[in-house]
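One structure is given below, encoded as structure tokens.
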Amino acid sequence: MTNRATPRAANDNSRAFGDPSPFLGALGEREIASLLQSGSDITLVLSKDGRIEDLAYRDPRFETVRAPDWAGRHWTEVVTGESVEKISALLADAGRVEDLPPRQVNHPDADGSDLPVRYRLVSLPGGEALFAFGENLSEVASAQSRLVQAQMELEADYRKLRDTEARYRTVYQMASRAILVVDGASRTILDANRAAGRLFGKDAAKLIGDSVPNLLDRASRKEGVTALTEAHYQGDVRVLQAAVLPDGKECRISMEPFRENGQNNLLVRFDRLDTVAEAPEGGIDLHLLNNHPEGAVLLDGQGQVQDVNEQFLDLVQSLNRDRIVGRHLNNWLGASSVDTQVLLSKLRKEGRVAGFATVVRDETGGTTDVTVSASSIKVEDGAQFVLTISEDNRRPAPLTARPFGSEARPGGISELVGRVPMKELIRDSVDVIEKMCIEAALNQTGNNRASAADLLGLSRQSLYIKLKRYGLEDFGEE
């Protein structure tokens, strides 16, 4: 009876072969070499001092780092500078440490990039050669790079969202009209601006959680509840005139529904009937916005600049306010005067504008893509407009969202006229139609790419390029 050797573990978490002679004893040199080559992406045979005696690889990626020329050179000569110390540490521990941990090193590529490889160095007892078994980590490095890029984009989006929230909250609190954001179902107040606090004689924060009918006098509460309910469930604007607490002031109350988190909430606005809501004397003091991260502009009803903050001066590269105040906004805002006309027209009609895409022209002749949000403020002699202008730091082209997509409503294109050049509108319209045709062809052919290409009159290669362009590579998959 043959005695088998007891399997020896290199450490507590590994196991060695018991008796390798039945399956390795009959192998010749070529078979063993083939086995070594198949066990890793690249195998280096090294002398004790680290010179490469021979090598074998099965990954064509090593051709780009000139691996065939490595034979006869020292291992440290074929890696990048920061990897030399790792190679020296591996060679110093060879033969002295039984189970060497793997080390990642980088090989310089001809195009300036690096090929990351994780090597495990093996020294056989009584042998003169060292064996380095390498694993190509380029896919792992690429995945890590994409993960880092995605994380950076998420952080950038979060900062942009935070800045946008601060901008809209600033405009919301600056409005002279009392405005409440109300839960449509329960009719409780979700948010209130400072003007609402002044109207109802309490701090705006203390209004949150209160019920809107409780702010009306007793005689108007039933009518108020009815109007709130109709606005919520029918989705239409409701307007009523009622006296409000605490002093019975008559107000015109407008209740406008909007969608938020899957439900209809209400924007409730109060306009005093006995007086005109006044802005602070001389208009809004934009010096209060100097710490705001966005540019701010105060306009009169005709679009003449009345004041700007420091951030706007930086945006247009102007030395001081005197160069700007008293002149029309279209001297700096818009690719043409049409942009400013459209913006002012919407402000006069709707009272507020959000996400208006245009450009700012600076004093040196350069342009910057920006997004404008604005609101109208009532004053004694008419109206003023306050604008906040933020740089539009959009992603590179492969990640840029289209202004409208295949699911855009029919009126989407008309709303962009005056804000987006006609050439871009036509190009984007063609892209939308092309994407819809590809989706229809894939649906008709049961996601058969070859049949869809024939149906569309495209080559398969062209179809695959368009699928990647429109993000339809996984179309039809669960």
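The values are calculated or read from the model by the stated rules, or taken from the named source; none is laboratory data. If you're wondering where the values come from, they're calculated on a predicted model, not measured in any experiment. Using ideal geometry, Cβ is built from the backbone for each residue, glycine included, and neighbour counts are taken over all protein chains shown.
Some observations on this one:
- Selection of the stretch 153-174 for residues being buried (at least 20 other Cβ atoms within 10 Å of the Cβ) and either more than 23 Å from ASN261 (Cβ to Cβ) or assigned by TED's automatic domain parsing to the domain that holds LEU347 (or both) yields only MET174.
- Some residue of the stretch 122-136 being more than 30 Å from SER40 (Cα to Cα) and β-branched (Val, Ile, Thr): no
- Any pair with Cβ under 7 angstrom, 6 or more apart, that starts in the stretch 25-46 at a residue that is without any contact (Cβ under 8 Å) to a residue 40 or more places away in the chain and ends at one that is not in a loop (DSSP other than H, G, I, E, B): GLN37/THR43; GLN37/ALA56
- If you check ALA94, ALA71, ALA67 for being under 12 Å from ALA132 (Cβ atoms), modelled with pLDDT of 75 or more and out of contact with any helix residue (DSSP H, G or I) (no Cβ under 7 Å at 6 or more places or on another chain), only one passes: ALA94.
- Of residues in the stretch 195-233 being surrounded by fewer than 16 Cβ atoms within 10 Å (Cβ to Cβ) and in contact with an Asp or Glu (Cβ under 8 Å, 6 or more places away or on another chain), the one nearest to TYR168 (Cα to Cα): ILE208
One line per residue, one yes/no per condition, for (1) at pLDDT below 85; (2) buried (at least 16 other Cβ atoms within 10 Å of the Cβ):
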{"residue": "ILE253", "(1), (2)": "no, yes"}
{"residue": "GLN263", "(1), (2)": "no, no"}
{"residue": "ARG269", "(1), (2)": "no, yes"}
{"residue": "LEU273", "(1), (2)": "yes, no"}
{"residue": "ASN309", "(1), (2)": "no, yes"}
{"residue": "VAL325", "(1), (2)": "no, no"}
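- Test result for SER142, among the hydroxyl-bearing types (Ser, Thr, Tyr) and over 23 Å from TRP70 (Cβ atoms): yes
- Scanning the stretch 52-63 for residues that are exposed (fewer than 14 other Cβ atoms within 10 Å of the Cβ) and either out of contact with any Leu (no Cβ under 7 Å at 6 or more places or on another chain) or without any contact (Cβ under 8 Å) to a residue 40 or more places away in the chain (or both) returns ASP54, ARG58, PRO60, GLU63.
- Of the set (1) surrounded by 17 or more Cβ atoms within 10 Å (Cβ to Cβ); (2) touching a residue at least 60 places away in the same chain (Cβ under 8 Å), all apply to ALA192 but (2).
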